[in-house]
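The next block holds one structure in the form of structure tokens; read it before the comments.
The values are calculated or read from the model by the stated rules, or taken from the named source; none is laboratory data. Here the structure is a predicted model, which means the values were calculated and not measured. Cβ atoms come from the backbone with ideal geometry, glycine included; neighbour counts cover every protein chain shown. With ligands, DNA and RNA removed, areas are computed over all heavy atoms of the protein, side chains included. Shrake-Rupley method; radii C 1.70, N 1.55, O 1.52, S 1.80 Å.
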Amino acid sequence: MRAVLCVALAILGSAGCTSKKEPPVATHSALADSADQIMYGARFKMTDGGLERAQLEADTAYFFDDNTRVELEKVHTTFFTATGAKDAVLTSQHGTYNTRTSNMVARRNVVVVSEDGRRLTSPELIYNQQRNEISSDSAFVMTEPNRRLSGIGFRSDPNMKNIQILKGASGLIKGVSTQPTTTPAQPPPAAVPPPVVPKR
């Protein structure tokens, strides 16, 4: 099993492969005690129909469940356009990569920066490789020149040109504040005229 995994990782361009019995003391993690395999300098190419959508790198990768679940430390993911140009970069402290679904969950200090200056921060984010979409149900803040958006939950392409805010949207555009949308107040009821009393 270990030899097969090392060959597979070498094809992916990994920097190293070792068993869980020999982790470096300086990088020992509780995950190392139960992982099937450990890889240092891990690198994965995430493709869809032969098109490279992203390249996922991590300082350390811990393999579980017959190597279908990979727990990652110090994640660095580069997203690419349909023409292969660099589109955006995601970094986070931790992550989980599912090799069956090719989805990656980034956690803790998640930051996405697009090539043209947009920056998004969130405590957790999901990358769906098939849809080439990043999303979250957590609070987030996105900034770019002359604009700041925030809310709870979003769906977007990795470069954040088309972002859908799920709720609590607010922002600042060139000094003009936009608060969360609320239901408009109902107009007050029309005054009822007093009854007419006939004169005697």
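Each row is one residue, and each column tells you yes or no for (1) closer than 19 Å to residue 118 by Cα; (2) at pLDDT 90 or above; (3) of a type in the set (Gly, Ala, Ser).
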site: 43; (1), (2), (3): no, yes, no
site: 46; (1), (2), (3): no, no, no
site: 62; (1), (2), (3): no, yes, no
site: 79; (1), (2), (3): yes, yes, no
site: 91; (1), (2), (3): yes, yes, no
site: 99; (1), (2), (3): no, no, no
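The set of residues from segment 53-83 being acidic (Asp, Glu) and either in contact with a strand residue (DSSP E or B) (Cβ under 6 Å, 6 or more places away or on another chain) or buried (at least 16 other Cβ atoms within 10 Å of the Cβ) (or both) comprises 57, 59, 71, 73. Scan segment 110-145 for residues that are in contact (Cβ under 8 Å) with a residue 40 or more places away in the chain and not small (Gly, Ala, Ser) and jot them down. Of everything in segment 110-145, those that are in contact (Cβ under 8 Å) with a residue 40 or more places away in the chain and not small (Gly, Ala, Ser) turn out to be 112, 115, 116, 118, 120, 127, 129, 130, 132, 134. Checked against (1) surrounded by fewer than 23 Cβ atoms within 10 Å (Cβ to Cβ); (2) within 13 Å of residue 127 (Cβ to Cβ); (3) of a type in the set (Gly, Ala, Ser), residue 50 passes all but a single condition, namely (2).
Within segment 86-110, the residues that satisfy the criterion of being open to solvent by less than 30 Å² (accessible area, probe 1.4 Å) and under 10 Å from the mean Cα position of the chain (by Cα) are 90, 92, 95, 104, 106, 110. Could you tell me whether any residue of segment 146-165 is assigned to a strand (DSSP E or B), open to solvent by 40 Å² or more (accessible area, probe 1.4 Å) and without any contact (Cβ under 8 Å) to a residue 12 or more places away in the chain? Taking every residue of segment 146-165 in turn, at least one turns out to be assigned to a strand (DSSP E or B), open to solvent by 40 Å² or more (accessible area, probe 1.4 Å) and without any contact (Cβ under 8 Å) to a residue 12 or more places away in the chain.
Inside segment 33-71, residues that are among the hydroxyl-bearing types (Ser, Thr, Tyr) and closer than 16 Å to residue 105 by Cα make up a count of 3.
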